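Readers should treat all values here as calculations from the given coordinates under stated rules, not as data from a laboratory. All of these numbers come straight from a predicted model, not from anything done at the bench. Backbone-built Cβ (ideal geometry, glycine too); neighbour counts: all protein chains shown.
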Amino acid sequence: MYKNILVPVDMGNEETNLRMINKAKSLLDGGGKITLLHVMDEVPTYARTYLKPETIEKNLMEVRGELTAMAKLSGGDMAVEVKFGRPSPVILDEAEDLGADLIIMASHQPNISDYLLGSTAARVVRHAKCSVLIDR
């Protein structure tokens, strides 16, 4: 079993997120830790000038609140992280920073753009230094 599990979540799919959290709970050692991570896209500098500074902070707090609610709904005491950047590098960096021994994430059925560019899940699997569980 695993002591430190990272679960990257996509805020657009609560059902899938809860399924990933339940998988993580079933694989967690007693006394282990689950961290939920959501990666928000960076706001480009040119667009940032048109936004009020509190808008980005408000969005960050909303996402953090939704993650906290998701953790409570799933019945677990979980850490919650929200980071900015491109998903795959942020997930990989966070896994390394946390000392995660497992990343559990969902993946969609690949389409043509995934074959040309690659999916986030594929990049995480290719470069992770720990085990990765992908669920479709």
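Data table
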| read-out | value |
| --- | --- |
| Check: the range 2-135 dipole with +1 on Lys, Arg Cβ and -1 on Asp, Glu Cβ, in debye | 120 |
| Restraint check, Lys33/Lys58; Lys52/Lys83; Lys33/Lys129; Lys33/Lys83, Cα-Cα greater than 21 Å | Lys33/Lys58 |
| Helical segments meeting 18 Å axial Cα length and Kyte-Doolittle -1.0 threshold in the chain (DSSP H) | 14-27, 53-73 |
| GNM flexibility winner over the chain from Gly12, Gly85, Gly75 (Cα, springs under 10 Å) | Gly12 |
| Centre separation in Å (Cα based) which lies between the range 12-59 and the range 118-136 | 17 |
| Expected-Rg normalisation [2.2 N^0.38 Å, Cα atoms] applied to the chain | 1.08 |
| Net +/- balance of residues flanking Thr55 in space, Cβ distance below 13 Å, scoring K and R +1, D and E -1 | 0 |
| Aspartates and glutamates whose Cα lies under 12 Å from that of Lys3, excluding same-chain neighbours fewer than 8 positions away | Asp29, Asp101 |
| For the chain, built as a Gaussian network whose Cα springs stay under 10 Å, the top-fluctuating residue of Asp29, Asp97, Asp77 | Asp97 |
| Neighbour-count order for Met61, Met70, fewest beta carbons within 10 angstrom listed first | Met61, Met70 |
| DSSP bridge pairs, the chain: antiparallel proportion in percent, nearest 5 | 0 |
| Selection from Tyr50, Phe84, Asn4 lying farthest towards where the dipole of the range 1-96 points positive, charges on Cβ | Asn4 |
| Gaussian network model of the chain, springs between alpha carbon atoms under 10 Å - residue of Lys83, Lys72, Lys52 with greatest fluctuation | Lys52 |
